[in-house]
1. Over the heavy atoms of residue 31, what accessible area does a 1.4 Å probe trace out, to the nearest 10 Å²?
2. Order these peptides, 45-51, 56-62, by their mean beta-carbon neighbour count within 10 angstrom, highest first.
3. Could you order 52, 8 so the one with the most accessible surface comes first? Probe is 1.4 Å.
4. Which order do 44, 21, 78 take by accessible area at a 1.4 Å probe, largest first?
5. Would you mind working out the accessible area per residue for region 1-83, using a 1.4 Å probe, and quoting it in Å²?
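The values are calculated or read from the model by the stated rules, or taken from the named source; none is laboratory data. Every value quoted in this text rests on a predicted model; they were computed, and no experiment measured them. Here Cβ is always computed from backbone atoms with ideal geometry, including for glycine, and neighbour counts include all displayed protein chains. Side chains are part of the model used for accessible areas, which takes the heavy atoms of the whole protein and leaves out ligands, DNA and RNA. Shrake-Rupley method; radii C 1.70, N 1.55, O 1.52, S 1.80 Å.
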Amino acid sequence: MPNPLTDINGIGPATAEGFQRAGIPDAETLRDMGADAAYLAWMRAGNPPHFIGYYALVMALQGRPWNDCRGAEKAALRERFDALKAEARQRTPGNDKGHLRLEVALDEIGVGLRR
């Protein structure tokens with residue numbers, strides 16, 4: 001039987017729900033995907049991107065506390081995070097403005113990004 005996502009230190013119930021919405025049902029699947037693929041799926045599912053959430057996931061999958069990320073490592077992770085956000089915007093279905101799916105939905109009802 002697969003282990004729940006919450007078996008990974010740093011993943012609580014709300015984060016687990018977000019990964020489940022992204023099609024990641026358990027801890028083994030998340031570990032097999034790796035942080036980048038899992039976070040890309042997270043954003044494509046309409047979950048909001050947050051840099052701290054991303055690097056906390058990277059640290060968790062390495063068995064490290066989230067606040068262990070510093071200096072050059074943190075800067076490199078910021079670059080990876082920004083690249084993932086750009087990729088999520090490019091490949092989100094129905095996305096003609098370069099926004100994440102949630103941003104597209106908000107824009108459609110008139111409460112999206114301010115111009």
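1. So the heavy atoms of residue 31 present about 120 Å² to solvent.
2. The most tightly packed comes first, giving 56-62, 45-51.
3. Details: 52 100, 8 5 Å².
Descending order: 52, 8.
4. Descending order: 21, 78, 44.
5. 54 Å²
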